[in-house]
Amino acid sequence: MRGIPRWVLVPALLGGLFVLLPLVAMAARVEWTDFWALITSDSSLAALWLSLKTSALSAACCVLLGVPMSLLLARARFPGLALLRSLMLVPLVLPPVVGGIALLYTFGRQGLIGRQLEVLGVQIAFSTTAVVLAQTFVALPFLVISLEGALRTAGTHYEVAASSLGARPSRVLVRVTLPLVLPALASGTVLSFARALGEFGATITFAGSLQGTTRTLPLEIYLQRESDPQSAVALSFLLMIVAVLIIAVTRRRATL
C-alpha cells in the first residue's frame, strides 16, 4: 500500500466487484444437484471435446504462424512496417462476426480462395477445419503481441554475440532467441488457447453449428439457453472454471 493514494482503493474495489459479481451471480444459479448430469450429457461432452480439440489445434497454428510474424515485426526494418503491424492486429478490434464473414468470403464455396479449393474437391466452410481457422484468426494477435513485446525487451545483444561466433541464423533462432522469450511464448500460447476456447461469433458465421462437427461449447451454451437454461448455466460455469485455470497457469508461468 506504500506510495498508493488511499482514494485509489474505492475505484479499485468497484472494478473488482464489477467483474466478480456477475460471476458470483451465475454460480448462484447453478443447480448443483444436477450439475454433473448437465455437463456430462452427450451434446455437452461432444461440444466440450470439440472445443478442447479445436482450441489446441488453433493454439498450435498460432505458434507456427505467430512466431515468424513476431520476429518479423520486432526485428525487421522496412517501409510499411507500422501499417503491417496494424493490419496484423486488426482481429483484436474487429467484431468476431465480421471476422467470420471475411473468412466466409475467403474460404467459402464462392470465396476468393474457396472457389479454387472447391475445384480441387476441398471444402472448408461449415467443417471442423473452419472452426480451427476461425479460432486461429481471432487468437493469433494475442500471441503476436506477447511475443513481439518480449523480443523487443530482450534486445539483440546475445544474438549478435552468437552470430559473431559463427552461428548461423537458424541456429541463433533456436538456441538463443527462442529460449530468451520462452516464458512470453508460453503465455501467448495459453492466451491464444483461451481466446480460441471462448470464440463464438466468427465460428457460428463461418462454420455453423453442427453437433459433433462445428458446435463448440460457446455455441452449445447459446443454443441451450433457449431450450434448457439450467444446462446453459452449468456449461457456462464449467467454461468459467476452465478460464480461471488457464489464467492461473498463465500467471504462474509469468512469475517463474
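Could the peptides 211-221, 110-120 be put in order, highest first, of the mean number of other beta-carbon atoms found within 10 Å of their residues?
On the way: 211-221: 20.9, 110-120: 12.8.
So the peptides 211-221, 110-120, ranked by packing, come out 211-221, 110-120.
Please calculate how many Å² of accessible area region 195-235 carries per residue, with a 1.4 Å probe and no DNA, RNA or ligand atoms counted.
Values: 1530 Å² over 41 residues.
So region 195-235 comes to 37 Å² accessible per residue, rounded to a whole number.
Quick one: if the Förster radius is 35 Å, what FRET efficiency do Gln230 and Leu178 give, using the C-beta to C-beta distance and rounding to 0.05?
Plugging the Cβ-Cβ distance into 1/(1 + (r/R0)^6) gives 0.15.
Classify region 136-207: rounded, prolate or oblate, from the alpha-carbon gyration tensor (a ≥ b ≥ c, eigenvalue square roots; a/c under 1.5 rounded; otherwise prolate if a/b is larger than b/c)?
Values: a/c = 3.84, a/b = 2.97, b/c = 1.29.
Here region 136-207 falls in the prolate category.
Suppose every Lys and Arg Cβ carries +1 and every Asp and Glu Cβ carries -1, with no other charges. What dipole size does region 1-140 come out with about its Cα centre, to the nearest 20 debye?
Numbers: 9 positive and 4 negative charges, 150 e Å.
So the dipole magnitude of region 1-140 works out to roughly 720 debye.
Using a 1.4 angstrom probe on heavy atoms only, work out the carbon and sulfur share of the accessible area of the chain in %.
Values: 10510 of 14990 Å².
Within the chain, the accessible surface is 70 percent carbon and sulfur.
Under a 1.4 Å probe, what is the accessible area of region 49-136 per residue, stated in Å²? Provide the component values of the computation, followed by the final result.
Details: 4880 Å² over 88 residues.
Roughly 55 Å² per residue, with all protein chains present.
Among the complete DSSP H segments of the chain, which ones combine at least 30 Å of alpha-carbon extent along their axis with a mean Kyte-Doolittle hydropathy of -0.5 or more?
Values: long enough: 42-75 (48 Å, 1.29); 128-154 (38 Å, 1.40); 229-255 (39 Å, 1.39).
Span-like helices in the chain: 42-75, 128-154, 229-255.
With unit charges on the beta carbons (Lys and Arg positive, Asp and Glu negative) and the dipole taken about the Cα centre of region 1-133, which residue among Ser70, Val132, Pro95 sits farthest to the positive side?
Ser70
Tell me, what is the percent relative contact order of region 2-154, built from C-alpha pairs under 8 Å that lie six or more residues apart? Write out the running numbers ahead of the final one.
On the way: 85 pairs, mean separation 47.8, N = 153.
Here the relative contact order equals 31 percent.
Can you give the relative contact order of the chain as a percent, counting alpha carbon pairs under 8 Å and 6+ residues apart?
Details: 285 pairs, mean separation 77.5, N = 256.
Relative contact order here is 30 percent.
So, in nm, how far is label Met26 from label Val93 when the simple model puts each one 7 Å beyond its Cα toward the Cβ?
Taking the simple label geometry, Met26 and Val93 are separated by 2.7 nm.
Using +1 at the Cβ of each Lys and Arg and -1 at the Cβ of each Asp and Glu in the chain, identify which of Thr214, Val174, Leu13 lies farthest towards the dipole's positive end.
Val174
Nothing charged except the Cβ atoms of Lys and Arg (+1) and of Asp and Glu (-1): what's the magnitude of the dipole of the chain about its Cα centre? Round to the nearest 20 debye. The partial results should precede the final answer.
Working: 19 positive and 10 negative charges, 242 e Å.
Charge dipole of the chain: 1160 debye, to the nearest 20.
Would the chain count as rounded, prolate or oblate if I go by the C-alpha gyration tensor, calling it rounded below 1.5 in a/c and otherwise prolate when a/b exceeds b/c, oblate otherwise? Mind showing how you got there, number by number?
Working: a/c = 2.10, a/b = 1.22, b/c = 1.72.
In terms of gyration-tensor shape, oblate.
The values are calculated or read from the model by the stated rules, or taken from the named source; none is laboratory data. Since we're looking at a predicted model, the values are computed, not measured. Positions of Cβ are generated from backbone atoms using ideal geometry, with glycine treated the same way; all protein chains shown enter the neighbour counts. Each accessible area value is taken on the protein alone, full model and side chains, heavy atoms only, with ligands, DNA and RNA left out. Shrake-Rupley method; radii C 1.70, N 1.55, O 1.52, S 1.80 Å.
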